[in-house]
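Q: Quick one: the structure is below, questions incoming.
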Amino acid sequence: LRLVVLISGGGSNLRALLEAAEDPEFPAHVVAVGADRPADGFEHAERYGIPTFDVSPTAFPDRDAWGEELLRQIRVWQPDLVILSGFMRLLPAGVVDALSPNLINTHPAYLPEFPGAHAVRDAIQAGVPESGASVIVVDDGVDTGPVLAQRRVPVLPTDTQATLHDRIKVVERELLLDVVVGVATGRIDLREWVRA
Ligand code: GRF
């Protein structure tokens, strides 16, 4: 399964995918890594000799022009599945429509709890005893797509945003790898989620 991964930050989930794909039995491989900036996580791709591309919104007159270029650059790699993993921008509807349903996102909460860009902070501030991690099919809402996999993660009274996020990321990576294998082996059929 050909994967394009989009990141914005450190790319810890990307690193997990790259490490898993070192096993020739793993049924997926990352063919390119994209970002909305020269992301720190590009270092993981570079270490594996995997091409990277960054499409910065500031280089475009508007979101749709940015989205068109991002979509064009994604399509160059002919991915079977596009993974948003720490990609901190909302994709224009045209991009989602073009890629759906082969477009998934990892989120550090138990959706529909705590959607949006501050899920871990929000869980800490809410004082909940547990949060979670989720992998969803991207639709044109904010973290509103159908859940492919999710698992609860405990919140400890001593947790900071960083300690909770690290604990969540461990689960997030496991869920992401499981979903990628599921799609690659046909256990998960994303065509179920083609939007009417
Ligand atoms: C991940 O938890 C992702 O779900 C969230 O931001 C974090 C990015 O982490 N959107 P990394 O860049 O993969 O380390």
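The values are calculated or read from the model by the stated rules, or taken from the named source; none is laboratory data. Note that the coordinates shown come from a computational prediction; the quantities given were computed from them, not determined experimentally. We place every Cβ from the backbone using ideal geometry, glycine too, and count neighbours over all the protein chains shown. Note: areas computed on protein heavy atoms with side chains; ligands, DNA, RNA excluded. Shrake-Rupley method; radii C 1.70, N 1.55, O 1.52, S 1.80 Å.
Q: Which of (1) touching a residue at least 60 places away in the same chain (Cβ under 8 Å); (2) away from the ligand (no atom under 13 Å from the Cβ); (3) part of a loop (DSSP other than H, G, I, E, B) is the odd one out, the single condition Val82 does not satisfy?
A: Here Val82 meets the rest and fails (3).
Q: Only residues that are farther than 20 Å from Val5 by Cβ and of a type in the set (Gly, Ala, Ser): list them for segment 110-135, please.
A: Gly116, Ala123, Ala126, Gly127, Ser131, Gly132
Q: On the given criteria, is Val137 free of Cβ contacts under 8 Å to residues at least 60 places away in the same chain and within 16 Å of the chain's Cα centre (by Cα)?
A: Considered against the rule, which asks whether it is free of Cβ contacts under 8 Å to residues at least 60 places away in the same chain and within 16 Å of the chain's Cα centre (by Cα), Val137 comes out as yes.
Q: Can I ask one more? Looking only at segment 143-161, count every residue that is part of a loop (DSSP other than H, G, I, E, B) and either open to solvent by 70 Å² or more (accessible area, probe 1.4 Å) or free of Cβ contacts under 8 Å to residues at least 40 places away in the same chain (or both) and tell me the total.
A: 8
Q: Let me ask you something else. For Gln73, work out the one condition from (1) open to solvent by 20 Å² or more (accessible area, probe 1.4 Å); (2) within 15 Å of the ligand (Cβ to nearest atom) it doesn't fulfil.
A: (2)
Q: Also, I was wondering about something else. Could you run through segment 19-56 and say how many residues are assigned to a helix (DSSP H, G or I) and either buried (at least 16 other Cβ atoms within 10 Å of the Cβ) or at positive phi (or both)?
A: 4
Q: Here is a list of conditions, (1) in contact (Cβ under 8 Å) with a residue 60 or more places away in the chain; (2) part of a loop (DSSP other than H, G, I, E, B), and Tyr110 meets all of them except one; can you say which number that is?
A: Tyr110 satisfies every listed condition except (1).
Q: Name the residue, out of Ala126, Ala117, that is without any contact (Cβ under 8 Å) to a residue 60 or more places away in the chain, away from the ligand (no atom under 11 Å from the Cβ) and surrounded by fewer than 19 Cβ atoms within 10 Å (Cβ to Cβ).
A: Working: Ala117 fails: away from the ligand (no atom under 11 Å from the Cβ).
Among Ala126, Ala117, only Ala126 is without any contact (Cβ under 8 Å) to a residue 60 or more places away in the chain, away from the ligand (no atom under 11 Å from the Cβ) and surrounded by fewer than 19 Cβ atoms within 10 Å (Cβ to Cβ).
Q: May I ask you to list the residues in segment 165-187 that are open to solvent by 10 Å² or more (accessible area, probe 1.4 Å), in a helix (DSSP H, G or I) and either free of Cβ contacts under 8 Å to residues at least 60 places away in the same chain or hydroxyl-bearing (Ser, Thr, Tyr) (or both)?
A: His165, Asp166, Arg167, Val170, Val171, Glu174, Asp178, Thr185
Q: Of everything in segment 59-74, what is free of Cβ contacts under 8 Å to residues at least 12 places away in the same chain and either within 27 Å of Lys169 (Cβ to Cβ) or in a helix (DSSP H, G or I) (or both)? Give them in sequence order.
A: Matches in segment 59-74: Ala59, Ala65, Arg72.
Q: Could I ask something else about it? Can you work out which of the residues in segment 93-109 that are touching an Asp or Glu at 6+ places or on another chain (Cβ under 7 Å) and open to solvent by 40 Å² or more (accessible area, probe 1.4 Å) is farthest from the ligand (Cβ to nearest atom)?
A: Here the residue is Gly94.
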